1. Keeping all protein chains in place, calculate the accessible area per residue for the chain (probe 1.4 angstrom), answer in Å².
2. Rounded to the nearest 500, what is the chain's calculated 222 nm mean residue ellipticity when only DSSP H runs of at least 4 contribute -39500 (n - 2.57) each, over all residues?
3. If a/c stays under 1.5 just call it rounded; otherwise compare a/b with b/c (prolate if a/b is bigger, oblate if not). Do that for the stretch 133-240, with a ≥ b ≥ c from the square roots of the Cα gyration tensor eigenvalues.
4. What angle, in degrees between 0 and 90 and rounded to the nearest 10, separates the Cα long axis of helix 84-93 from the longest principal axis of the Cα atoms of the chain?
5. Explain nothing, just the number: relative contact order of the stretch 44-86, from Cα pairs under 8 Å at least 6 residues apart, as a whole percent.
6. If you stretched the chain out fully between THR175 and HIS69, how much longer would it get, using 0.36 nm times the residue separation minus the C-alpha to C-alpha distance?
7. Given 10 Å bins starting at zero, what is the percent of C-alpha pairs of the stretch 29-78 in each, up to the one with the largest pair distance?
8. Once you keep just the Cα pairs under 8 angstrom separated by 6 or more residues, what percentage relative contact order results for the chain?
Amino acid sequence: MIIELRSARELGSACDDDDLVMWAAQGLTGAGRAWALGDAVVAGSPLISRRDRLAVWGGADCAAELLRHALGELGPAYRPLGEAELMSEVTARLDGVRERGRFSWMSLPAAPAAVSVLGEGVGWVEAEAEVAALLAAAAPHSYAVPGAAGVSRWAGVRVDGRLAAVAADAWSAPTVGLLAGVATDAAFRGRGLAERVCRWVSRELVAAYGRAALMVDDVNAVAIGVYERIGYRRRPVMAAHVTP
C-alpha cells in the first residue's frame, strides 16, 4: 500500500535519512510531498535548483510504482532523479519516462577541520550586483543567480578589493544545505580561490543545516577534485523526464 509521508521525521525514517531524498523534500513544507511503498521512497518539491524535482530511493520495483503514482499526483513536469543504477532500472519499467542526463550528487556529512583553516578572507557578500556581474562573465549558465527564488545568500573572496570568486547557499532544505553558483573571475583563476570559498561556505552550511551537498557535471573533473579535497563524497545520479 502506498503511504503518503506527512513529516520530515517520517520521511527520514523511511529513507534512512538519505540526503538527496531529504533535500528534494525540502522538509515537506510548502508544496513538498513524499510517499513510501515497501522498500522505496519518492519525495519532491517544485522549483528547487530551477526544476520541479522528485528524488527516487530504494528497490526498483516499488520505486517504479511509487514514481508512477507521484507523477500522477504532481504532473509530468517533475524531473525524477536518483542513483544512476536505480534510475536505469526504474525507467526501464515505466513507459514514457526516459533518461534526461547524468551528473553527480556530492555529500558532506560534516565539515573537516581544514575547512575553517583554509577559508580566510571569505565572507557573505551584500553587493549582489557584483555577484551577478561576475556570474554573467564567468558562469553565464549558472542555475543560481542573485534574486532567484530559493537562492538565499552569497559568499565571496576579494583580491585588491575586486570580487574574485563566489558561491551560494541555494535551495537548502532544513537538514541539507546546498552549495551552488560557484564561479571565479577569469583574471583570478588558478589561485585556489574557488576552493577557499567552497570550503568556507561548506563549513557554514554544515553549521546551519547539519550537512552539505551539491550537484556537479561529471565532465567537470577540476571541480570534482576541489570538492573531493574538501571532503565531499560523490554519488553518480541519473535524471529522467516524462516524454510527450
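The values are calculated or read from the model by the stated rules, or taken from the named source; none is laboratory data. Quick caveat: nothing in here was measured; it's all calculated off a predicted structure. Note: ideal-geometry Cβ built from the backbone for every residue, glycine included; neighbour counts use all protein chains shown. Just the protein is used for accessible areas: all its heavy atoms, side chains included, with ligands, DNA and RNA removed. Shrake-Rupley method; radii C 1.70, N 1.55, O 1.52, S 1.80 Å.
1. On the way: 10840 Å² over 244 residues.
Value returned for the chain: 44 Å² of accessible area per residue.
2. Details: 8 runs with 82 residues, N = 244.
Rounded to the nearest 500, it is -10000 deg cm²/dmol.
3. Working: a/c = 1.40, a/b = 1.28, b/c = 1.09.
Rounded, since a/c falls under 1.5.
4. 30 degrees
5. Values: 42 pairs, mean separation 20.0, N = 43.
Taking the mean separation of contacting Cα pairs over the length of the stretch 44-86, I get 46 percent.
6. Working: separation 106, 0.36 × 106 = 38.16 nm, distance 2.59 nm.
Stretched fully, the THR175-HIS69 segment lengthens by 35.6 nm.
7. Over the stretch 29-78, the share of Cα pairs per 10 Å bin runs 29, 55, 16, 0 percent.
8. Numbers: 536 pairs, mean separation 55.8, N = 244.
Relative contact order of the chain: 23 percent.
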